[in-house]
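Written below as structure tokens is the structure these notes are about.
The values are calculated or read from the model by the stated rules, or taken from the named source; none is laboratory data. Worth saying up front: this structure is predicted, and the values here are computed from it rather than measured. Here Cβ is always computed from backbone atoms with ideal geometry, including for glycine, and neighbour counts include all displayed protein chains. To get the accessible areas, we keep the full protein, side chains included, count just its heavy atoms, and leave off ligands, DNA and RNA. Shrake-Rupley method; radii C 1.70, N 1.55, O 1.52, S 1.80 Å.
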Amino acid sequence: LKGEFQRDLQIPGETVTLELRMRHSDGSWRWVEGNAQNLVASPLIRGIVINYRDITERRDAEEALRRSERQFRSLIENAFDVIGMIDAGGKLTYESPSVERIMGRKPADQIGRDSFDFIHSDDLPKVRDAFARISKSSGLDETLFIRIRHEDGSWRDVELLARNRLQDPDVKAIIFNYRDITERLNAEKALQNSERYFRAL
């Protein structure tokens, strides 16, 4: 602050905008935004004119927004599910960082790719039918059990939930999230096979 005023004093007519904290009469600190103008050369003023306003609520709101964004980013980056968005043409516009952990693919490499390219051919018909239904009905949810190709070439069983938010101007996409249930299904199959084996004895 001292340096700003020193610079201001050296340049006649110069205006400097500052954000700083000032102590309120109740002892609290308030954020203020002020303009300081060098009018030392003016015969009527001969000083630095300062106008300021209290911006504490604005700063608090901005910090709350940044905190909320950090929390949301942490939630998305550490989610156990893959969260993503596809446009009306089926192109991927976003996939959360968890896709690398779950499917071995880097999120940035997926943008613009056809989402149907990763679906097992036997599951494609029902996925395309579901996509057509979802695209036509705003807010419609659908749950699908399908197979998605891992980056290593294997197929993973997933439970996928999709919701149409194409009409939302802030989203303009179909939002989906899915989780890998391969191990769960394998365990269920192993249990069923074991039960059949013991019943046959």
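Within the stretch 64-118, take every residue that is of a type in the set (D, E, K, R) and open to solvent by less than 70 Å² (accessible area, probe 1.4 Å) and give me the one that is farthest from D157 (Cα to Cα). Spell out the reasoning first.
First, pick out the residues of the stretch 64-118 that are of a type in the set (D, E, K, R): 66-67, 69-70, 73, 77, 81, 87, 91, 95, 100-101, 105-106, 109, 113-114, 117.
Next cut, open to solvent by less than 70 Å² (accessible area, probe 1.4 Å) only: 81, 87, 95, 105, 114.
Details: D81: 13, D87: 23, E95: 18, R105: 16, D114: 19 Å.
By that ranking, first place goes to D87.
Of these, I134, I146, which one is open to solvent by less than 90 Å² (accessible area, probe 1.4 Å), over 21 Å from P97 (Cβ atoms) and at pLDDT 95 or above?
Details: I134 fails: at pLDDT 95 or above.
When all the criteria are applied, what remains is I146.
Evaluating P125 against the criteria (1) open to solvent by 70 Å² or more (accessible area, probe 1.4 Å); (2) in a loop (DSSP other than H, G, I, E, B) leaves one unmet condition, (2). Here T56 clears all of (1) at pLDDT 85 or above; (2) open to solvent by less than 70 Å² (accessible area, probe 1.4 Å); (3) closer than 30 Å to A162 by Cα except the condition numbered (3). Within the stretch 41-55, residues that are acidic (D, E) have Cβ atoms under 8 Å from residues that are open to solvent by less than 100 Å² (accessible area, probe 1.4 Å) and part of a strand (DSSP E or B) in these pairs: D54/R30; D54/W31; D54/V32, counting only partners at least 6 apart in sequence or on another chain.
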